[in-house]
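Input: a single structure, listed below in structure tokens.
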Amino acid sequence: MPNWLNDAVFYEIYPQSFYDSNGDGIGDINGIIEKLDYVKGLGCNAIWLNPVYDSPFMDAGYDVRNYKQVAARYGTNDDLVNLFNEAHKKGIKILLDLVPGHTSDTHPWFLEAKKAAESEYSNRYIFTQNVWDAPPEYRMMCGLCERNGNYMVNYFSSQPALNYGFYEITHPEWQLPCDHPDCLATVEAIKDVMRFWLDKGADGFRVDMADSLVKNDDEKIATAKIWRGVREMLDEEYPEAAMVSEWCSPDRAINNAGFHMDFYLDHFGNGYNILSRCGDWGDKAVFNPNGKGNIKAFADEYLPAYERSKDNGYISYMTNNHDMPRITAYLDKKAIKLFNAFIFTMPGVPFLYYGDELGMRYQKDLVSKEGGFSRTGSRTPMQWNSGKNLGFSTSDEPYLPVDKSADAPTVENQQNDDDSIYKVVTDIIALRHKYDDLKGNGELEFVYEEGKIPFFYRRGKLVMFFNPLGVESEIKTNYNGEKLYELGNTEFADGKIKMSPQSFVMIKIN
Ligand code: NOJ
């Protein structure tokens, strides 16, 4: 287990929207290099970079055409190596995005696989044995190739599934077992991509749809086995490299598959929704001041998973990511501050999505860009200052429009505002670095009354009390001590703490 993870705080950078250094309207790698001091100033010491590889951008780069080539619009491979080096000089690690489940349908492997003539790539993807065979239980693209067969897709239609085999074989005419040499070759091809970037200085990978490799593998037994092998390779060859999975099942991802970290995501499971947002849960979010939330529902899901996985890896909370509406779509400013106080004081390895430190807004009505659809509104350019395109780009045609509101938050105006979300985020991250009890593997004792808010938890000598409700509330507790951080007003007396509406306090007990 790389030691650095225990004190890691990640910043997710969506490269096309972060900073455009050459005025072409699209964010680029040199732009990220220019802003490394900003990232460091947040207290983030690691970056997750969304895909920067050559791609036709039907899914914003998650449709990879060449895993080993940086997309020209972001720069060159040398620029990326330069980013690794400059980041390392500042004590910042860089995780690239690994997309192992599928490629673009323009990837050279696929161009070969779809030909009638057999080649070493014929089994790199999943094809049926003829075009008349398209079992409805699979997502197939039919009749599009010279080859007499239909192929399975993993996500959008432009993303054919790579072939890691089938755990349960239901159609032996075309489904290969996982130990077929051609399926093993797919695993080796992905390991080769990993080695390529790790050798150049990358510190690891965020792994896209990590659970999607082997098909008909409901319990994810064969998929986990593949990742276990990858982890063994890392332990042996790159012991400081780390992997975080998009899986949201710590039992499977951390305990079985060997991931160092697993995301706790909004759109899987219930836990995170209960905290913040999404669909039906917006109203029932624990941090919604309306009090309809239920901390017990969250704790019942999270705590057992945490207990079972904490000796093997970290659960990663995130403020948001590029796939979900920004939290500003669901919660008010005070609630967002409390939410951040929670994310950055819980165990595990936290992730901050670019712009969330400013309270950037979800831009609801944008036309879809590069396969973003409803996600497009969370992918708009970073808001730096009051200049053209809020400092993102000098181009007349930025990648996406910036927030047009007169009061759009920017780095410049938030850094100078003592009441800003930025201030809370940076203050709490600084406390996380300062106190060992707040780090990734520090202990956790979660205290809540059945189904009730407010709630509190203790991490070593530090105790965090939250009153997300829009009304004054009391919590019974015998804890008392020095206040390290406070939002709103909190008063300790006679075995209880009185908390003003939407308040938070962190204390250090003696
Ligand atoms: C999850 C990624 O986060 C998302 O943006 C992408 O569209 C899909 N995986 C497919 O790769």
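The values are calculated or read from the model by the stated rules, or taken from the named source; none is laboratory data. Note that the structure is predicted; figures quoted are calculated from it, not measured. Glycine gets a Cβ as well: all are built from the backbone with ideal geometry, and neighbour counts include every protein chain shown. Just the protein is used for accessible areas: all its heavy atoms, side chains included, with ligands, DNA and RNA removed. Shrake-Rupley method; radii C 1.70, N 1.55, O 1.52, S 1.80 Å.
Would you list the strands (runs of 3 or more DSSP E) that sit entirely within segment 437-480 and hold 1 or more residues that are open to solvent by 10 Å² or more (accessible area, probe 1.4 Å) and under 13 Å from F298 (Cβ atoms)?
So the answer is 445-447.
Name the single residue that is farthest from the ligand (Cβ to nearest atom) among those in segment 51-68 being closer than 17 Å to L80 by Cα, in contact (Cβ under 8 Å) with a residue 24 or more places away in the chain and open to solvent by 10 Å² or more (accessible area, probe 1.4 Å).
Ranking the candidates gives K68 first.
Test S374 against the criterion of being open to solvent by less than 10 Å² (accessible area, probe 1.4 Å), polar (S, T, N, Q) and in the same structural domain as N22 (by TED's automatic domain parsing), and give yes or no.
no
Tell me which residues, restricted to segment 104-134, are out of contact with any strand residue (DSSP E or B) (no Cβ under 6 Å at 6 or more places or on another chain) and either open to solvent by less than 10 Å² (accessible area, probe 1.4 Å) or within 16 Å of the ligand (Cβ to nearest atom) (or both).
Once the filter is applied, which keeps residues that are out of contact with any strand residue (DSSP E or B) (no Cβ under 6 Å at 6 or more places or on another chain) and either open to solvent by less than 10 Å² (accessible area, probe 1.4 Å) or within 16 Å of the ligand (Cβ to nearest atom) (or both), segment 104-134 yields S104, T106, H107, T128.
Go through (1) away from the ligand (no atom under 13 Å from the Cβ); (2) under 22 Å from D403 (Cβ atoms) and name the single condition E12 misses.
(1)
Checking the structure you have, find out if any residue of segment 205-227 is in contact (Cβ under 8 Å) with a residue 60 or more places away in the chain, away from the ligand (no atom under 16 Å from the Cβ), part of a loop (DSSP other than H, G, I, E, B) and within 24 Å of A87 (Cα to Cα).
Looking through segment 205-227, none of the residues is in contact (Cβ under 8 Å) with a residue 60 or more places away in the chain, away from the ligand (no atom under 16 Å from the Cβ), part of a loop (DSSP other than H, G, I, E, B) and within 24 Å of A87 (Cα to Cα).
Can you find a residue that is over 33 Å from the mean Cα position of the chain (by Cα), open to solvent by 30 Å² or more (accessible area, probe 1.4 Å) and at pLDDT below 95 anywhere in segment 486-493?
yes
Consider K498 carefully, then state whether it is outside any helix (DSSP H, G or I) and surrounded by fewer than 20 Cβ atoms within 10 Å (Cβ to Cβ).
Answer is yes for this residue.
Evaluate the following for A72: is it away from the ligand (no atom under 14 Å from the Cβ) and open to solvent by 50 Å² or more (accessible area, probe 1.4 Å)?
Against the criterion (away from the ligand (no atom under 14 Å from the Cβ) and open to solvent by 50 Å² or more (accessible area, probe 1.4 Å)), A72 qualifies.
Return the residues of segment 75-103 that are outside any loop (DSSP other than H, G, I, E, B), open to solvent by less than 10 Å² (accessible area, probe 1.4 Å) and more than 13 Å from the ligand (Cβ to nearest atom); say none if nothing qualifies.
L80, L83, F84, A87, I94, L95, L96
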